[in-house]
Amino acid sequence: MTRSAPNSTTYASAGRGGLGSCTLWMLILAGLVLIALTSGPVDIQLIDLYRYIISLFTDNPNPQSSMVETVLLQIRGPRIIAAIVIGAALAASGAAYQGIFRNPLVSPDILGVSAGAALGATIALFFSLNVAAIQAFAFIGGLAAVAVVYFVGTAVRGHDPILALILSGVIIGTLFSACVALFKYLADPYNQLPAITFWLLGSLAMVAPADLKYVLPAVLLGLLPMVLLRWRMNLLSLPDDEARALGVHTARLRLAMVCAATLMTAAGVAASGIIGWIGLLVPHAARMLVGPQFARLLPMSMLLGACYLLGIDTLARSLVEIEIPPGVLTALLGAPFFIWLLVASRRSWA
């Protein structure tokens, strides 16, 4: 089930110009932020945005500044920040998981974090708890699921530890998904069931400024080990005995990265619900741009993930009058694009 990770020549032609690619995508992200700020039911033009910024530094406030301020700071601003942070977190987690398990088809939910978060949120919704409790239950559920998976995977003796973790993740994820289905069957079809279904589809519509106080620290805390250990991550593509011969304790490194990636994923899923494909699709695109070296792959994955989710969320609330769940759009747009990526890079993973 596992496959060898790409060697140093993988995407060799794409590994050049990493700094230029990052600069380009930072400009694209800035453009997407402007589009997101000015898109929506309330018509805000670029000139309105400019006048509001100017009014902050002058004594001549614009008559429309209060309305613009409310829309930007209370509605669109937190949603845009959440899209950037969660998209970057899911993409970084996907890149880390694919490196940890040496498998290009691994995504952040391979260890059951999404299923655990879904079960936690479903329980909170089933008992009609408030939004803060729903997010807390989802966060705890995601961490608990991965803890169970890691315990089961490491308790299995005589098997490849990576394969044992992946199989444990599939089993525990299936079990938790079955529990979610059971709660949906028992839920009130008029109140509880629609709320559970809507949460499982994923959305950034309910993100408030207060939510960012919990998401940002968790994501930054998970990102810190990835940044500090980014140079050692490349050694996980080697067999464990070779990596240990080079002085790297693979079990400890893998555990640290799993904990970091899980923390980031759980924080993102708790705030937005389940939004798939980002952690699977984006790292592949990043490899085509900057190559497989994790030190370059991590920032590029985060940039692409932020751009992708922000663009998807802007489309979700702008295409039609009724907002489309971003989780639906990520699958509709991500599936054909991922097929193209597989065709374009078919030799690289052979």
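With a 1.4 Å probe and all protein chains in place, put 231, 25 in order of accessible area, largest first.
Sorted descending by solvent-accessible area, the residues read 231, 25.
So how far apart, in nm, are the two label points at residue 27 and residue 206 if each is 7 Å from Cα heading toward Cβ?
Spacing of the two 7 Å Cα→Cβ label points: 4.0 nm.
On a 0 to 90° scale, report how tilted helix 192-201 is relative to the longest principal axis of the chain, with both axes built from alpha carbons and the result rounded to the nearest 10.
The two axes meet at around 70 degrees.
Decide, for the range 159-205, between rounded, prolate and oblate: order the square roots of the alpha carbon gyration tensor eigenvalues as a ≥ b ≥ c, take rounded if a/c falls under 1.5, and otherwise choose prolate if a/b is larger than b/c, else oblate. Don't jump to the answer; show the numbers that get you there.
On the way: a/c = 7.88, a/b = 2.22, b/c = 3.54.
It is oblate, given that a/c is not under 1.5 and a/b is not larger than b/c.
Please compute the length gained on full extension between residue 342 and residue 46, using 0.36 nm multiplied by the number of residues separating them and subtracting their Cα-Cα distance.
102.7 nm is the gain from fully extending residue 342 to residue 46.
When the chain is fully extended, how far beyond the present Cα-Cα distance does residue 175 get from residue 320, taking 0.36 nm per residue of separation?
Additional length available on full extension: 48.6 nm.
Using the alpha-carbon centroid of each, what span in Å lies between the range 202-224 and the range 239-312?
17
Under a 1.4 Å probe, what is the accessible area of the chain per residue, stated in Å²?
Ligands and nucleic acids excluded, the result is 48 Å² per residue.
Under the classification rounded if a/c is under 1.5, otherwise prolate if a/b is larger than b/c and oblate if not, where does the range 253-332 fall, given a ≥ b ≥ c as square roots of the Cα gyration tensor eigenvalues?
The shape class here is oblate.
How do 150, 190, 52 stack up against each other in accessible area, from largest to smallest, with a 1.4 angstrom probe?
190, 150, 52
Select from 216, 319, 304 the residue whose mean-square fluctuation is largest in a Gaussian network model of the chain (Cα-Cα springs shorter than 10 Å).
319
Cα gyration tensor of the chain, axes a ≥ b ≥ c as square roots of the eigenvalues: rounded (a/c below 1.5), prolate (a/b > b/c) or oblate?
Details: a/c = 2.03, a/b = 1.30, b/c = 1.56.
Verdict is oblate for the chain.
Treating the angle as unsigned and between 0 and 90°, give the value, to the nearest 10°, between the Cα long axis of helix 46-56 and the longest Cα principal axis of the chain.
80
Based only on Cα atoms, what Rg/Rh ratio does the range 194-350 have, Rh being taken as Kirkwood's radius?
Details: Rg = 17.6 Å, Rh = 17.4 Å.
That ratio equals 1.01.
Whole Å is fine, so just give me how far the alpha carbon centre of the range 89-120 lies from that of the range 144-182.
13
Please determine, in degrees from 0 to 90 and to the nearest 10, the orientation of helix 250-272 with respect to the longest principal axis defined by the Cα atoms of the chain, where the helix direction is its Cα long axis.
Orientation of helix 250-272: about 20 degrees from the principal axis.
Within the accessible area of the range 156-302, what % is carbon and sulfur when the probe is 1.4 Å and the other protein chains stay in place?
The nonpolar share, carbon plus sulfur, comes to 70 percent.
The values are calculated or read from the model by the stated rules, or taken from the named source; none is laboratory data. What you see is a predicted model, and the numbers here were worked out from it, not measured in a lab. Note: ideal-geometry Cβ built from the backbone for every residue, glycine included; neighbour counts use all protein chains shown. Side chains included, ligands, DNA and RNA excluded: accessible areas come from the protein's heavy atoms. Shrake-Rupley method; radii C 1.70, N 1.55, O 1.52, S 1.80 Å.
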